[in-house]
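*Asks:* Here you go, one structure.
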Amino acid sequence: MAPRQARHPLSEFGLIRTLQRRFPSRDNALIRGIGDDAAVVAMPAGRHLVLTTDLLAEGVHFDLRTASFEDVGYKAAIANLSDVAAMGARPEHVLVALAAPAACAAPQILQLYKGLMAACRPYRVSLIGGDTSASANGWFLSVTVTGTVPAGSALLRSGARVGDAIYVTGTLGDSLAGLQLLSRRRPMAATRLPPADRRFLLRRHRRPLAHCRFGQLLGTHRLATAAIDLSDGLSGDIRHLCEESRVGAELHTAALPLSPALTAYAKAAGTDPAALALQGGEDYELLFTVSPANLRRLQRAAGEPGRRLTRIGVIQPKSFGIRLRDASGNLRRLPVTSYEHFRS
């Protein structure tokens, strides 16, 4: 359960002043931030503006019985920062629109903003505006992040070509396993899982990272031909990239990067770890394609300690479709098991 909060009088304009004071901007490009009808930002010469937004609704994207207000704010920011990372852009500013129930307490809102800015701070992203409203039915949070990218170097989903290698950062399926632990969908697995593995999976769900700097490296050095962030799940997101590039893909089950904690969880839950990796959303890893000519350059440029890159397949002609090759070498069509809104 979310912790009970002491009641404090909530004032819209008082909240705005509090946010100005607690999260001041020191961005030289910001001409005017919170306090006017709109923010004013100076655009650097030779760069393109990148814009992304995400809407989170209570009961659909988050559950306050299993997530704190800081968790909600943090992940709302990461969802947008990861989109900017997938474009190869540098995130710069954030705007937040919030609708809160009339019975909410001021500390709850401030905790939400605290989590949001904790995600933004490592990338020096400034809060420059937004809106607040009362809600008659739960919490709603809309976050917009702006960024910039050198003109002509934005990473798109549409650049993959036949023969390109398919890569992912990090490990897959961890966030879904963490969510299942929180929702007690598999209670026996929770009791059998070592505490360190449980902590790892919960952190991967509650505090994922956005690969902003690596995305910029891929774009600036033109190492990737296409990219997308893994927010909905590998089986769905690879389809988005292939549709935009008008290509097919062959993924290799044995190559999917799995954390030891996920493998332990799958064993305890009696499920297939590869299925979790294909289905799981909100890992916020980057999926990207690399031409054969750039593979050595990628290995040299991406050698930062602690960064894990895994080659999981190859781009095929569109007629090939999207297929999964299992450990025995058999091919089968890859069904979409990722989350999708409005799908019955």
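*Asks:* Search the stretch 211-244 for residues being open to solvent by less than 10 Å² (accessible area, probe 1.4 Å) and among the small types (Gly, Ala, Ser), and hand back the single one that is nearest to the chain's Cα centre (by Cα). Step through it out loud before you land on a result.
*Replies:* Step one: list which residues in the stretch 211-244 are open to solvent by less than 10 Å² (accessible area, probe 1.4 Å), which gives 212, 214-215, 218-219, 223, 226-230, 233-238, 241-242.
Those still in the list that are among the small types (Gly, Ala, Ser) too: 215, 219, 226-227, 233, 235-236.
Working: 215: 13, 219: 18, 226: 17, 227: 13, 233: 10, 235: 15, 236: 14 Å.
The extreme case among them is 233.
*Asks:* Where in the stretch 94-177 are there strands (runs of 3 or more DSSP E), lying fully within it, with 1 or more residues that are closer than 30 Å to residue 252 by Cα and of a type in the set (Val, Ile, Thr)?
*Replies:* Working: elements: 126-135, 140-150, 165-169.
Passing ranges, in order: 165-169.
*Asks:* So, one more: Quick check: anything in the stretch 18-31 surrounded by fewer than 11 Cβ atoms within 10 Å (Cβ to Cβ) and at pLDDT 85 or above?
*Replies:* no
Quick grid of which residues meet (1) polar (S, T, N, Q); (2) out of contact with any helix residue (DSSP H, G or I) (no Cβ under 9 Å at 6 or more places or on another chain); (3) in a strand (DSSP E or B); (4) within 23 Å of residue 331 (Cα to Cα):
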{"site": "223", "(1), (2), (3), (4)": "no, no, no, no"}
{"site": "241", "(1), (2), (3), (4)": "no, yes, no, yes"}
{"site": "258", "(1), (2), (3), (4)": "no, no, no, yes"}
{"site": "262", "(1), (2), (3), (4)": "no, no, no, no"}
{"site": "267", "(1), (2), (3), (4)": "no, no, no, no"}
{"site": "277", "(1), (2), (3), (4)": "no, no, no, yes"}
{"site": "281", "(1), (2), (3), (4)": "no, no, no, no"}
{"site": "296", "(1), (2), (3), (4)": "no, yes, no, no"}
{"site": "299", "(1), (2), (3), (4)": "yes, yes, no, no"}
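*Asks:* Being at pLDDT below 95, out of contact with any strand residue (DSSP E or B) (no Cβ under 6 Å at 6 or more places or on another chain) and either hydrophobic (A, V, I, L, M, F, W, C) or under 30 Å from residue 35 (Cβ atoms) (or both) narrows it down to one residue among 189, 151; which is it? Working first, answer last.
*Replies:* Numbers: 151 fails: out of contact with any strand residue (DSSP E or B) (no Cβ under 6 Å at 6 or more places or on another chain).
Answer to the check: 189.
*Asks:* From the list 254, 274, 327, 269, exactly one residue is more than 29 Å from residue 222 (Cα to Cα) and at pLDDT 95 or above. Which is it? Walk me through it before giving the result.
*Replies:* Values: 254 fails: more than 29 Å from residue 222 (Cα to Cα); 327 fails: at pLDDT 95 or above; 269 fails: at pLDDT 95 or above.
The conditions single out 274.
*Asks:* Then there's this: Scanning for something surrounded by 24 or more Cβ atoms within 10 Å (Cβ to Cβ) and closer than 27 Å to residue 318 by Cβ, does the stretch 173-188 turn up at least one residue?
*Replies:* Here is the first cut: in the stretch 173-188, the residues surrounded by 24 or more Cβ atoms within 10 Å (Cβ to Cβ) are 173-178.
Imposing the further condition that a residue be closer than 27 Å to residue 318 by Cβ reduces the set to none.
No, that holds for no residue.
*Asks:* Name the residues in the stretch 37-48 that are open to solvent by 90 Å² or more (accessible area, probe 1.4 Å), within 20 Å of residue 130 (Cα to Cα) and free of Cβ contacts under 8 Å to residues at least 24 places away in the same chain, would you?
*Replies:* Across the stretch 37-48, the qualifying residue is only 37.
The values are calculated or read from the model by the stated rules, or taken from the named source; none is laboratory data. The model shown is predicted, which means the values in this text are computed figures rather than measured ones. Ideal geometry is used to build each Cβ from the backbone, glycine not excepted, and the neighbour counts take in all protein chains shown. Side chains included, ligands, DNA and RNA excluded: accessible areas come from the protein's heavy atoms. Shrake-Rupley method; radii C 1.70, N 1.55, O 1.52, S 1.80 Å.
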